Amino acid sequence: MNRKKIALLGVCATVLVAGVGGYAFKAVAGGSEAALIKKVGKRFPNTKITSANCDVDMGGLCEVVAGGQNVFYVSKDGNRAFVGAVLDTENKIDLTDKRLRELAAVNNVEGKLNGQPAAAAAPQQAAAAAAPASPTGPLKVTLPRDNAIVHNPGAAVKITIFTDLNCGYCHKLWEDLKTAPDIEVTEYPIAFLAADSRDKAKLALCSKDRVKAVAAIYGGGELTSPGNCEAADKAVGDNTAFAQANGITGTPTIVRADGQRISGWKPVADLRAFAKGA
């Protein structure tokens, strides 16, 4: 494979505390990835690590898939993590987005095999599709709205979303929903995916303008704490505990008024239909 010029965009590399002894990894399959999954899983105990692959051309990074639908990157020793987009600057390709679309296509095929209907694809996102509906049944969201970021308050169509602000599909869904002022979104940030997910969620909930704070976080802008954020930190903890207690294992998880839920990215038109009970 030809060498690529790689750019890393997003959160700066997150430093993880090195374990005693450590591991030695080679960028080939055959056991090293299993050890990496084990090590990264210990560092992110709230995240289900689906796979790890060091045999990828990612500038020396290994790809980690979490929950079957989120991607981040770690060093081969598992002591550094990067959450953000990897760009092939020579060919002008967002490699992370490409990978997310591949995972979405796999989820869609698995959904068909399990008897789930395929989601209609958006015109510019034909390769992406929603994950199968959660089998755990209706969910009554009892968290206070003070624990959430509310977008388009008062809009007629209403949905609740559990998000991790390091989640690629959550970012994609947020971008889509910016074009849908008729949908009120009550967004509960939780800490599942990365070491700094809790910090991001806390900063968003602690901000005077939570909607702008989320935009800054997703856009890679600067965001500083306005002061004491203990209440916001507790809210993130409560949100995360609620999600774990109610079988939410991936983000985004979308809940409508009657408690029915689905996981993964969906086109805006399908979200409207789902919210209305279709």
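Rule-based calculations on the coordinates, nothing more; no lab input. Bear in mind the structure is a predicted one, so any value in this text is a computation, not a measurement. With ideal geometry, Cβ positions are generated from the backbone for all residues, glycine too; neighbour counts draw on all protein chains shown.
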Efficiency of FRET from Cβ geometry, Lys178 and Asp258, R₀ 35 Å, rounded to 0.05: 0.85
For the range 255-278 and the range 161-204, distance of Cα centres in Å: 16
Simple spin-label model, 7 Å along Cα-to-Cβ: Ala245 to Ala215 in nm? 3.5
For the pair Asp146 and Asn228, the simple spin-label estimate (label points 7 Å beyond Cα toward Cβ) gives in nm 1.3
Taking K and R as +1 and D and E as -1, what net charge do the other residues with C-beta under 11 Å from the C-beta of Ser51 add up to? -1
For peptides 169-178, 189-198, 92-101, sequence by mean Cβ density within 10 Å, most packed first: 189-198, 169-178, 92-101
